[in-house]
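Asker: Pasting in a structure now, in structure tokens, and then I'll have a few things to ask.
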2 protein chains.
Amino acid sequence: MKKRRCIIGQSGGPTVAINSSLAGVIDGAIASSMYERIYGMRNGIEGLLDLQIVNLSERFTTLDLVERLRKTPAMYLGSCRYKLDTNDTETLSKIFSILENFQIDDFFYIGGNDSMDTILKLSDYGKQIDSPIRFIGIPKTIDNDLVGTDHTPGFGSAAKYIATTMLEVMYDCAIYNKPSITIVEIMGRNAGWLTAAAALAKTEAMEGVDLIYLPELAFDVDQFLNDVDYILQTKKKQVLVAVSEGIKDKKGNYIQDGEISGQVDAFGHISRSGAGKALEKIAANHFQCKVRSVEINVLQRSCMHCASETDLKEAFLIGRSAVGKALEGNNGIMLTYERVPGNSYQVRIGTVDVHESANKERLVPREWINKEGNHVNGTMINYLTPLIQGEVMLEYKGGVPSYLPLM
Amino acid sequence: MKKRRCIIGQSGGPTVAINSSLAGVIDGAIASSMYERIYGMRNGIEGLLDLQIVNLSERFTTLDLVERLRKTPAMYLGSCRYKLDTNDTETLSKIFSILENFQIDDFFYIGGNDSMDTILKLSDYGKQIDSPIRFIGIPKTIDNDLVGTDHTPGFGSAAKYIATTMLEVMYDCAIYNKPSITIVEIMGRNAGWLTAAAALAKTEAMEGVDLIYLPELAFDVDQFLNDVDYILQTKKKQVLVAVSEGIKDKKGNYIQDGEISGQVDAFGHISRSGAGKALEKIAANHFQCKVRSVEINVLQRSCMHCASETDLKEAFLIGRSAVGKALEGNNGIMLTYERVPGNSYQVRIGTVDVHESANKERLVPREWINKEGNHVNGTMINYLTPLIQGEVMLEYKGGVPSYLPLM
């Protein structure tokens, strides 16, 4: 039987689990014995168009290397933000001719919303031209906003980092006997999942974050000031607030500091920042106490030193399973996590037609936010808690983690 | 023989090692069998004046609790920023009468520059009034700026966190095939030690941070733009810059974004921030590429999840040794680390007269900075490297570290 060839790409923003999924695809392809060659494209579809294609079969010859890949943050193959245009048949046909030249049978793309758009457009165009190439999407994003999957690879680790960091900020806040307000800004353009993870910073020792504001609900400045005031008056001296970078007022305007940067990426996403700084100024004008804001920024994306073992394991598994799904003949699908109903947390791998997932956003349901709109409730806690379980033992050298070099 | 009584306080900003030193004092006092009671003052000298005094002998009855204390960030006893005034004999004599009421023989204070000022004033006043109470200072600060000690407890862990985080930011930067400039602002009012630790983010896989600017040298905006340009032109596409919060131009003005906050603490320190944001704007106006800034902020102070084992061990040892120094009859001293000359890293505990340390700052020597003033050299690397060695295994519960509750 003729052996197959596959190619793998990574795209979008970094997470700590995307290389785990890459390791899973490599491991699955090797284990299947169905592939004579595994290619990687550097910098996603952009690199493919530039023939930046590498032979991964030659590089990953030992289990040790695959294991180190699994524990390396960001994208081993590099990333891109490149939007395919359905009408640009010149580019589409160029991609297919490159894939045909390399005799590619299966095309794996690991990424978020925008990467699933790439899978959608390539599989649609492939069907149009009767190409036998199978296009398989493997999800990843710290935003957890992909439709059709219980959660996304990379989210659990970012959530664990947020929970751990918020807990430590809480210790930082608690030491002075004076009132203070600390506002922490967390990533999430439209979806509040990662900000919600601040609620996991609750232990027997610490009662947790006081206020959590997600972008799904209109943000009301007066209500915010009332909420903070209520806590200062009735509960405790040091108020800790978690706020999504994407909070908007009821007219849909972002709450932010200074002018809008106006930078728009290839997918039309505007780069935002400053919700935390804006609330810091508002609170400082209103309250007679110390007010500060912290923007966790990119630290929450590549924080392998605080990864969730559950996340990395599942990300490997979903990558491995993608190979089986390709071999079964699927095309134009995204792999998914399905949470098995029951008391103990269990996940099985499923699939969804990429048309049902690409270019959609899964937001936090209103019922998972408390009535007052300033915290999350038990449903959210129960959903999030299993995703951050387990710690990943890293190899250290010279006091810092010994990650694999990126390509 | 009459048993002794001691009291311990913590003061200043949090570190991850200050509870390790507290655990060391408790452990040393118990082990010596010389003490019938160990007291703690809540919120430092401020709490002492309010009679916020707790019996630590009753609380720390098991080794397990002492061990958990060792691995809990920030201040178990709470902190304060309270400046004693030599002329305010009313307050000074009130402190002594409280200490006498509690029959205190030995007074331990764990803190930075300002806390050593407290030890200085109390021991001076005590000598004046012929008090037999012994005042012992135990250093701590992430700034590493105390005079008389090779390094300070808490610095090694903050440095390890900075190195690890910078390494991960480097992975975050490296994924796109486009030029970019990332500026990371690191704490350090006048001393650049912690910013220098960014240089440790260098592995076989990653060539390290490109530019490092310390507050010890006058910052020249044109030189900065030239430095970045040189790297973009000759070396690599993604430039990573570490900059101290305290950089100043040659006239001594802070490089910062927006107006000075003007907030001044009890010790006259002005709260600063925005050097990173200021450089981001300057670079964005000059270069045609993506520019971003990250302020690590308080995350570098309470990051127990990324602590240096060397740091925590030494911090415990210096706390333990403080007890012996008190029992030997010392008064008005600060404990110190002395690095033993030789090829392998070894530290022994010494002491210094607190007059030689309080209200002074140890800055980075010019010879430890490279000739161009935009990085550190091998002497600095050799000095820093041993301090971040070893990882601390924490107990996790529910996915987050199980730290001891603060008092």
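Asker: What's the total accessible area buried between chains B and A, using a 1.4 Å probe, rounded to the nearest 100 Å²?
Answerer: 4900
Asker: Could I ask something else about it? Which angle from 0 to 90°, rounded to the nearest 10, does the C-alpha axis of helix A:155-174 make with the longest principal axis of chain A?
Answerer: Helix A:155-174 sits roughly 20 degrees off the main axis of chain A.
Asker: Under 27 Å Cα to Cα from B:K235, which lysines show up? Leave out anything in the same chain fewer than 8 places away.
Answerer: A:K397, B:K160, B:K178, B:K202, B:K277, B:K281, B:K290, B:K371
Asker: Between A:R134 and residues 5 or more places away or on another chain, which pairs have amide H atoms under 5 Å apart, with H built 1.01 Å from N, and which residues are they?
Answerer: A:D106, A:F107
Asker: Let me ask something else. Let me know the shape class of chain A, please: from the alpha-carbon gyration tensor, a ≥ b ≥ c as square roots of the eigenvalues, rounded when a/c is under 1.5, otherwise prolate if a/b is greater than b/c, or oblate.
Answerer: prolate
Asker: Students often forget the sequence filter, so: which lysines lie under 22 Å Cα-Cα from B:K3 once same-chain residues fewer than 8 apart are removed?
Answerer: Here the lysines satisfying the reach criterion relative to B:K3 are B:K325.
Asker: With Cβ to Cβ distances under 9 Å as the rule, what net charge do the other residues near B:R301 carry (K, R +1; D, E -1)?
Answerer: Computed value for this residue: -2.
Asker: Using the Cα gyration tensor of segment B:1-101, with a ≥ b ≥ c the square roots of its eigenvalues, what is the shape: rounded (a/c below 1.5), prolate (a/b larger than b/c) or oblate (neither)?
Answerer: Because a/c hits 1.5 or more and a/b fails to exceed b/c, segment B:1-101 counts as oblate.
Asker: Return the average number of partner chain Cβ atoms within 10 angstrom of each residue Cβ along peptide A:391-399.
Answerer: 5
Asker: When Cβ neighbours within 10 Å are restricted to other protein chains, what is their mean count per residue of peptide A:306-313?
Answerer: 1
Asker: Using amide H atoms built in the peptide plane, which far-off residues or other-chain residues are under 5 Å from B:V184 H to H?
Answerer: Here B:V241, B:A242, B:V243, B:V294 satisfy the definition.
Asker: Going by a ≥ b ≥ c, the root eigenvalues of the Cα gyration tensor, does segment B:156-301 fall in the rounded group (a/c under 1.5), the prolate group (a/b larger than b/c) or the oblate group?
Answerer: Here segment B:156-301 falls in the oblate category.
Asker: Can you tell me the 0 to 90 degree angle between the C-alpha axis of helix A:221-234 and the longest principal axis of chain A, rounded to 10?
Answerer: 60
Asker: Mind checking B:155-167 for the average number of partner chain beta-carbons within 10 Å of each residue's beta-carbon?
Answerer: The per-residue average across the peptide is 3.
Asker: To continue, here is another question. To the nearest 10 square angstrom, what accessible area does B:K397 show with a 1.4 Å probe?
Answerer: Here the accessible area works out near 110 Å².
Asker: Mind grabbing the accessible area of B:I129 for me, 1.4 Å probe, Å², rounded to tens?
Answerer: Looks like 80 Å² after rounding.
Asker: How much of the accessible area of chain A, in percent, comes from carbon and sulfur atoms when a 1.4 Å probe is used?
Answerer: The nonpolar share, carbon plus sulfur, comes to 46 percent.
Asker: Measuring nothing but label to label, 7 Å from Cα along Cα→Cβ, what are B:E207's distances to the other copies in nm, shortest first?
Answerer: 5.3
Asker: Okay, moving on. I'd like the antiparallel share, as a percent to the nearest 5, of DSSP beta bridges with both residues in segment A:155-300.
Answerer: 10
Asker: Quick one: net charge around A:L167, please, counting Lys, Arg +1 and Asp, Glu -1 for every other residue with C-beta under 15 Å from its C-beta.
Answerer: Counting the neighbours of A:L167, the net charge comes to -1.
Asker: Express in Å², to the nearest 10, the accessible area of B:I38 obtained by rolling a 1.4 Å probe over the protein heavy atoms while all chains stay in place.
Answerer: Approximately 10 Å² for this residue.
Asker: Testing the spin-label approximation: label points 7 Å from Cα along Cα→Cβ at A:L65 and B:V54. State their distance in nm.
Answerer: Spacing of the two 7 Å Cα→Cβ label points: 5.4 nm.
Asker: Sticking with this structure for a sec: Relative contact order for segment B:156-301 using alpha-carbon pairs under 8 Å, separation at least 6, rounded to a whole percent?
Answerer: Once divided by the residue count of segment B:156-301, the mean separation gives 30 percent.
Asker: Between segment A:330-402 and segment B:103-167, how many Å separate their Cα centres?
Answerer: 45
Asker: If I take every Cα pair under 8 Å that is 6 or more residues apart in segment A:74-162, average their sequence separation and divide by the length, what percent do I get for the relative contact order?
Answerer: 24
Asker: Show the residues, 5+ positions off or on another chain, whose built amide H is closer than 5 Å to the amide H of B:K290.
Answerer: Correct list: B:I181.
Asker: List the relative contact order of chain A as a percent without decimals, with contacts defined as Cα pairs under 8 Å and 6+ residues apart.
Answerer: 23
Asker: Which distances, in nm and shortest first, link the B:D88 label point to the same label point in every other copy, taking 7 Å along Cα→Cβ?
Answerer: Nearest to farthest, the other copies are at 6.8 nm.
Asker: If you don't mind, another one. Please give the contour-minus-distance gain from A:Q233 to A:E372: 0.36 nm per residue of separation, less the Cα-Cα distance, rounded to one decimal in nm.
Answerer: Fully extending the segment from A:Q233 to A:E372 adds 48.3 nm.
Asker: Give the value in nm², to one decimal: projected area of the alpha carbon convex hull of the protein assembly as shown, averaged over all directions.
Answerer: Here the figure is 35.4 nm², rounded to one decimal.
Asker: Inter-copy label distances at B:L65, 7 Å along the Cα→beta-carbon direction, one decimal in nm, shortest first?
Answerer: In ascending order, 5.4 nm.
Asker: Related question: With angles folded into 0 to 90 degrees, how steeply does helix B:309-327 sit against the dominant principal axis of chain B? Use alpha carbons for both and round to 10.
Answerer: 30
The values are calculated or read from the model by the stated rules, or taken from the named source; none is laboratory data. Nothing here was measured: the structure is a model prediction, and the numbers come from that model. FYI the Cβ positions are ideal-geometry reconstructions off the backbone, even for glycines, and counts take in every protein chain you see. These accessible areas exclude ligands, DNA and RNA; they are computed on the full protein's heavy atoms, side chains included. Shrake-Rupley method; radii C 1.70, N 1.55, O 1.52, S 1.80 Å.
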